[in-house]
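> Once you've had a glance at the structure underneath, I'll fire off some questions.
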Amino acid sequence: MKTPFISRERLAELTAQFPTPFHLYDEKGIRARARALHEAFAWNSGFKEYFAVKATPNPAILKILKEEGCGVDCASYVELLMSQKLGFAGNKIMFSSNNTPAEEFRLARELGATINLDAYEDVAFLKEVAGIPKVISCRYNPGGVFELGTSIMDHPEEAKFGMTKAQLIQAFKELKELGAETFGIHALLASNTVSNDYYPALARQLFELAVEVLESTGIKLDFINLSGGVGVNYQPDGEENDIAVIGQGVRQAYEDILTPAGLGQVKIFTELGRFMLAPFGLLVTKVTHKKHTYRTYLGVDASAVNLLRPAMYGAYHHITNMDRPEGPTEIVDVVGSLCENNDKFAIQRELPVSQIGDTLVIHDTGAHGFSMGYQYNAKLRSSEILLEENGQARMIRRAERPEDYFATLYGFDFEK
Ligand SMILES: *Cc1c(COP(=O)(O)O)cnc(C)c1O
């Protein structure tokens, strides 16, 4: 079962104070998760987590992670600016972009961020637009399918990211010629894996690649970036990833492959987003309408603009009616108010018989939740609230207002 990190009574106080819908984050859970990750990789003295900013781009959240010793992984100009403003030093910023605009490479260079090149062609491009830095990383794509045991986890051959092995080795040769001194590799081969075997299997591939790089170029890699992809179980039951087991699995691969090859100094980096934040966010919404036609619809005041994953991927997000912990149930579609029929948080879901005014929480929205929001139907982005460790709640982003929506329009001044 999924248990919300906040009690019904405390949430009722918050919904009295902050109009729904809003995203609510749990500082205590975020800190505990960051500590568990660091504990799991404590065996590697150079370990560093670069939190994927795109998952939850709010300064209050990034500050918490910074205090816990995390860096940031950016992939755009504004993510870089935010990270700079928050005081992340260059070596605490990974720039794992793709199809990268010249000005983004230039800003990354200015900040001293570690650039993770997505394409072989980027060697020449980076040289031309920003110059080759001393520290550089290359992103690997082995092609084919990524399998764990008998199950296909993802299809790297269809992914736009990364370079082939031959390209990567050639890129390192050229980068070294051009003055680079410190090298790393990176790969993200499967998304939202719920398996303790993903990171260890990925690590084995990348560690073997590190040995090949050493043999064919003489380059001893400084770091290996396992990137994101360790997921969470969005379903209410079934297994969860165990980061301690994952850390030990990576350690085993390290001792099997890197240490004997004389690469026992390699630092392990991660760029987790979802695993760090998803369980520590709830989308809080109220039932505003109930409609019976061929189905029963629960209309809520949130819509797909506040949480796109169900509409975009058909993703499951568990829903709890905070006001009806038990009692009779019914089968409903939980819907937002967009003029778009995929605007459904749940389809034919069994939920307690709900009434208008009930508070629902949609679980596991702390990563790739608010940040994937948009403004279709001129719906506005919601606020974000942080439930602090001390139990206080603090607004860390206000809801958008109509004037925010109008602000970028020319020839339309709403005030006049
Ligand atoms: C999205 C992304 C991540 C984070 O992925 P999660 O699934 O949230 O862990 C890390 N690195 C890169 C390059 C990404 O694009």
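> In segment 215-241, how many are in a loop (DSSP other than H, G, I, E, B) and more than 16 Å from the ligand (Cβ to nearest atom)?
So the count comes out to 10.
> Quick check on segment 247-275: of everything there that is of a type in the set (S, T, N, Q) and open to solvent by 40 Å² or more (accessible area, probe 1.4 Å), which residue is farthest from the ligand (Cβ to nearest atom)?
Taking the candidates together, the pick is Thr259.
> Of the conditions (1) within 16 Å of the ligand (Cβ to nearest atom); (2) in a strand (DSSP E or B); (3) not hydroxyl-bearing (Ser, Thr, Tyr), Lys54 clears all except one; give me its number.
(2)
> Can you say whether Thr296 is over 24 Å from Glu68 (Cβ atoms), open to solvent by less than 60 Å² (accessible area, probe 1.4 Å), more than 16 Å from the ligand (Cβ to nearest atom) and touching a Leu at 6+ places or on another chain (Cβ under 6 Å), as far as the supplied structure shows?
So Thr296 does not fit the description; no.
> Here's a follow-up. Any residue at all in segment 177-199 that is among the aromatic types (Phe, Trp, Tyr) and part of a loop (DSSP other than H, G, I, E, B)?
No, the conditions are met nowhere in segment 177-199.
> Is it true that Gly71 is within 27 Å of Arg398 (Cα to Cα) and either surrounded by 19 or more Cβ atoms within 10 Å (Cβ to Cβ) or out of contact with any Phe, Trp or Tyr (no Cβ under 9 Å at 6 or more places or on another chain) (or both)?
Here the answer is yes, as Gly71 does meet what is asked.
> Of the residues that make up segment 133-151, is at least one open to solvent by 40 Å² or more (accessible area, probe 1.4 Å), over 19 Å from Pro200 (Cα atoms) and either without any contact (Cβ under 8 Å) to a residue 60 or more places away in the chain or within 15 Å of the ligand (Cβ to nearest atom) (or both)?
yes
> Given the criteria of a type in the set (Ser, Thr, Tyr) and either under 28 Å from Met276 (Cα atoms) or without any contact (Cβ under 8 Å) to a residue 24 or more places away in the chain (or both), does Tyr410 qualify?
Considered against the rule, which asks whether it is of a type in the set (Ser, Thr, Tyr) and either under 28 Å from Met276 (Cα atoms) or without any contact (Cβ under 8 Å) to a residue 24 or more places away in the chain (or both), Tyr410 comes out as yes.
> Which ones in segment 152-176 are surrounded by 22 or more Cβ atoms within 10 Å (Cβ to Cβ) and part of a loop (DSSP other than H, G, I, E, B)?
Passing the criteria: only Gly162.
> Here are Asn377, Asn341, Asn306: which of them is in contact with a Cys (Cβ under 9 Å, 6 or more places away or on another chain) and either β-branched (Val, Ile, Thr) or in the same structural domain as Arg401 (by the TED database) (or both)?
Just one listed residue meets the conditions, Asn377.
> Being surrounded by fewer than 14 Cβ atoms within 10 Å (Cβ to Cβ), touching a residue at least 24 places away in the same chain (Cβ under 8 Å) and either in contact with a helix residue (DSSP H, G or I) (Cβ under 9 Å, 6 or more places away or on another chain) or in a helix (DSSP H, G or I) (or both) is the filter here; which residues of segment 14-35 pass it?
Hits for segment 14-35 are Gln17, Arg35.
> Mind checking which pairs have a first residue in segment 252-274 that is more than 16 Å from Glu212 (Cβ to Cβ) and assigned to a helix (DSSP H, G or I) and a second that is within 16 Å of the ligand (Cβ to nearest atom) and open to solvent by 40 Å² or more (accessible area, probe 1.4 Å), Cβ under 8 Å, 6 or more apart or different chains?
So the pair list comes out as Arg274/Asn192.
> If only one of Glu103, Glu128 is out of contact with any Phe, Trp or Tyr (no Cβ under 8 Å at 6 or more places or on another chain) and more than 16 Å from the ligand (Cβ to nearest atom), which one is it?
Glu128
> State whether the residues of segment 78-92 include one that is open to solvent by 50 Å² or more (accessible area, probe 1.4 Å), within 16 Å of the ligand (Cβ to nearest atom), of a type in the set (Lys, Arg) and within 30 Å of Ala201 (Cβ to Cβ).
Yes, segment 78-92 contains a residue that is open to solvent by 50 Å² or more (accessible area, probe 1.4 Å), within 16 Å of the ligand (Cβ to nearest atom), of a type in the set (Lys, Arg) and within 30 Å of Ala201 (Cβ to Cβ).
> Quick check on segment 316-335: of everything there that is under 30 Å from the mean Cα position of the chain (by Cα) and touching a residue at least 40 places away in the same chain (Cβ under 8 Å), which residue is most open to solvent (accessible area, probe 1.4 Å)?
Applying the filter and picking the extreme gives Tyr316.
The values are calculated or read from the model by the stated rules, or taken from the named source; none is laboratory data. In this text, all values refer to a predicted model and were calculated from it rather than measured experimentally. Methodologically, a virtual Cβ is constructed for each residue, glycine included, from the backbone with ideal geometry; neighbour enumeration extends over all protein chains shown. The accessibility values were calculated without ligands, DNA or RNA, using every heavy atom of the protein model including side chains. Shrake-Rupley method; radii C 1.70, N 1.55, O 1.52, S 1.80 Å.
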